[in-house]
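Trainee: A single structure is presented below for examination.
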Amino acid sequence: MKVVFMHIFKVIFLAGATLFAAGVVGAEADQGPTVMARAADVDAAAAMLRDQALNKNVAYAWLTQLTTRFGARMAGSASERKAAEWAAGSLESMGFDTIKIEPFDLQLWQRGAESAEILSPFPQKLVVTALGGSRATPPEGVDAEATLFATYQEFLDSKVDLKGRIVVVLQPTARTQTGVGYGLNSGSVRSRGPLEAKQRGASAFLMRALGTETHRFAHAGATQFQTKEGIPSLAMSPPDAEAMLRMKVLQDKGEAGPLRIKIVSTPRFLGGGQSQNVIAEFRGMEKPDEIITIGGHLDSWDLGTGAIDDGSGMAITLAAVKTMIDAGKRPRRTIRVVLYGAEEVSQPDNKGLSGAQAYADRHVNPATRVSSETHILTAESDFGADVIYAASMPVASQTDFNARLGKILYPLKVYVDPKPADGGGPDTLPSQRQGVPAMDLRQNGMDYFDTHHTADDVLERIEPAKLDQNVAAWTATLWLVANGDVTFNPQVRK
Ligand SMILES: [Zn+2]
């Protein structure tokens, strides 16, 4: 007996020490041998589910239906609402336990007619699109002299008189695996550029679209909401921006006179409306009140069909849960798929992420929530349809959990990053602000900004096998989190 006790004590101590060192003390850490035996079972099931997810095309089939039936799904539109209702029905038929649609308020902006052309000295049409939340020109348009800036900083530093001018910023977007090149430009040129130009007296703002390719598509995207103040603000295709850079060289050499541009853009502010989140649960068997949220956003820009952004993210995450349902495997904790409304659009007073904020207010924030659930982890898929290459968990590496996860993900060519996740995607932010830890299954974003927010974001840009690799990685990772005691967050330690 004594030997057995000693043995048990040793296992308890070692298991406890490992978990404690990792900052992930679990409820059953005092049941060492059970935990270890169960971990082996969980790992085996995760590997089995990973393999079952491959070659199934579940995500692709769902995405095909979504994009065919609803096309573009602009936030607050009838199309977004109908897509939400259809998605709820599809989740129910997949075998999710509870499905809810939760509406929330939204200020609406709608694109109008849009066109632009260089009138002189080199007359030609431009491919443009209005920035979301921007103001209209008069119906006949704005016709003014343009001042060209090669970079955003050059514009900010400029002392040139811009009164009445069309400010044109030609800064390109760097192609990177992580999307950092886009992030820098969307947070500055696109978000703040128009109002900076307005403050300097400009009549309109035209920027190089935030795309990494040289196809002639304009990329949409939100700028700060302009009901209070603003100017017509548009993005032009990268080849048009390249042409303007060449014109600038001629101007600088004195070989060309001033550039005159005409812009027509007639978007409208429609006032108050509604969007909605779709929430579907696969209830946990032992700990149903411990919630893991995953998902993507249901709205898209209005130019393409939002197949990549973010039809893919929804399809990947819901297919991960469907893999478990189809295999007859129910986790201990609850996995909740949230299809967020209105991720893309800006709102007055620099608010945005309205769907994710509504979710966090209703389900996470202790001051406003309607339930007393514990959110263990939040994650989303909103970075395209290319393969996952790394997993970042909320706590540092060297943990038992990360080692187990690495063994299961390596066959998919996914490594576990030793560094903790520095974010989990835009729609996880409101929950993160309430202390919910985020994980990040990082997709290869090298080509993501080639078609992002363009008319070319369509099903044809997607390879089904890559979606399946995503689903397999999500399924295996979720199974590990949903069946362990890992909490990631000291605040929810029991
Ligand atoms: Zn997105």
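Nothing in this text is a laboratory measurement; each read-out follows from the coordinates by a stated rule. Computed from a predicted model, the values in this text were never measured in an experiment. Heads up, the Cβs are rebuilt from the backbone with ideal geometry, glycines too, and the neighbour counts pull from every protein chain shown.
Trainee: What are the residues in region 190-219 that are within 18 Å of Thr454 (Cα to Cα) and either in contact with a Lys or Arg (Cβ under 8 Å, 6 or more places away or on another chain) or of a type in the set (Phe, Trp, Tyr) (or both), if any?
Mentor: Of everything in region 190-219, those that are within 18 Å of Thr454 (Cα to Cα) and either in contact with a Lys or Arg (Cβ under 8 Å, 6 or more places away or on another chain) or of a type in the set (Phe, Trp, Tyr) (or both) turn out to be Met207, Leu210, Thr212, Phe217.
Trainee: If we keep just the residues of region 384-429 that are aromatic (Phe, Trp, Tyr) and assigned to a helix (DSSP H, G or I), which is surrounded by the most Cβ atoms within 10 Å (Cβ to Cβ)? Outline the logic, then answer.
Mentor: First, pick out the residues of region 384-429 that are aromatic (Phe, Trp, Tyr): 389, 401, 410, 415.
Next cut, assigned to a helix (DSSP H, G or I) only: 401, 410.
Numbers: Phe401: 23, Tyr410: 11.
Out of the qualifying residues, it is Phe401.
Trainee: Same structure, new question: Of the numbered conditions (1) touching a residue at least 60 places away in the same chain (Cβ under 8 Å); (2) within 20 Å of the chain's Cα centre (by Cα), Ala243 fails exactly one; give the number of that condition.
Mentor: Ala243 satisfies all of (1) touching a residue at least 60 places away in the same chain (Cβ under 8 Å); (2) within 20 Å of the chain's Cα centre (by Cα) except (2).
Trainee: Then there is this: Restricting the first residue to region 121-145 and requiring it to be without any contact (Cβ under 8 Å) to a residue 12 or more places away in the chain and closer than 15 Å to Met236 by Cβ, which pairs with a second residue that is of a type outside the set (Val, Ile, Thr) and outside any loop (DSSP other than H, G, I, E, B) meet a Cβ separation below 9 Å and a spacing of at least six or different chains?
Mentor: Qualifying pairs under 9 Å: Lys125/Ser115; Lys125/Ala116; Lys125/Glu117; Lys125/Asp240.
Trainee: Would you pick out the residues in region 186-211 that are surrounded by 24 or more Cβ atoms within 10 Å (Cβ to Cβ) and of a type outside the set (A, V, I, L, M)?
Mentor: Answer for region 186-211, where residues must be surrounded by 24 or more Cβ atoms within 10 Å (Cβ to Cβ) and of a type outside the set (A, V, I, L, M): Arg190, Gly193, Pro194, Phe205, Arg208, Gly211.
Trainee: Can you report the number of residues in region 106-165 which are of a type in the set (Phe, Trp, Tyr) and assigned to a strand (DSSP E or B)?
Mentor: Number satisfying all stated conditions: 2.
Trainee: Continuing with the same structure: Just checking, which of Phe149, Phe155, Phe96 is in contact with a strand residue (DSSP E or B) (Cβ under 8 Å, 6 or more places away or on another chain), over 26 Å from Ala256 (Cβ atoms) and either crowded, with 18+ Cβ neighbours inside 10 Å or without any contact (Cβ under 8 Å) to a residue 60 or more places away in the chain (or both)?
Mentor: Phe96
Trainee: If Ala113 satisfies all but one of (1) closer than 18 Å to Arg268 by Cα; (2) of a type in the set (A, V, I, L, M, F, W, C); (3) within 22 Å of the chain's Cα centre (by Cα), what's the number of the condition it fails?
Mentor: All conditions pass for Ala113, except number (3).
Trainee: Being at negative phi and within 16 Å of the ligand (Cβ to nearest atom) narrows it down to one of Asp422, Asp400, Asp417, Asp386, so name that one.
Mentor: Answer to the selection: Asp386.
Trainee: Among the residues of region 363-383 satisfying the criterion of being not in a loop (DSSP other than H, G, I, E, B) and not hydrophobic (A, V, I, L, M, F, W, C), which is nearest to Ile101 (Cα to Cα)?
Mentor: So, considering only residues that are not in a loop (DSSP other than H, G, I, E, B) and not hydrophobic (A, V, I, L, M, F, W, C), the one nearest to Ile101 (Cα to Cα) is His363.
Trainee: If you take the residues of region 334-357 that are under 12 Å from the mean Cα position of the chain (by Cα) and assigned to a strand (DSSP E or B), which of them is nearest to the ligand (Cβ to nearest atom)?
Mentor: Tyr340
Trainee: Take the conditions touching a residue at least 24 places away in the same chain (Cβ under 8 Å), crowded, with 24+ Cβ neighbours inside 10 Å, in contact with a helix residue (DSSP H, G or I) (Cβ under 8 Å, 6 or more places away or on another chain) and assigned to a loop (DSSP other than H, G, I, E, B) and apply them to Ala360. Does it pass? First the steps, then the outcome.
Mentor: Values: touching a residue at least 24 places away in the same chain (Cβ under 8 Å): yes; crowded, with 24+ Cβ neighbours inside 10 Å: yes; in contact with a helix residue (DSSP H, G or I) (Cβ under 8 Å, 6 or more places away or on another chain): yes; assigned to a loop (DSSP other than H, G, I, E, B): no.
It is false that Ala360 is touching a residue at least 24 places away in the same chain (Cβ under 8 Å), crowded, with 24+ Cβ neighbours inside 10 Å, in contact with a helix residue (DSSP H, G or I) (Cβ under 8 Å, 6 or more places away or on another chain) and assigned to a loop (DSSP other than H, G, I, E, B).
Trainee: Provide a single number: the residues in region 430-471 that are surrounded by fewer than 18 Cβ atoms within 10 Å (Cβ to Cβ), in a loop (DSSP other than H, G, I, E, B) and small (Gly, Ala, Ser).
Mentor: 1
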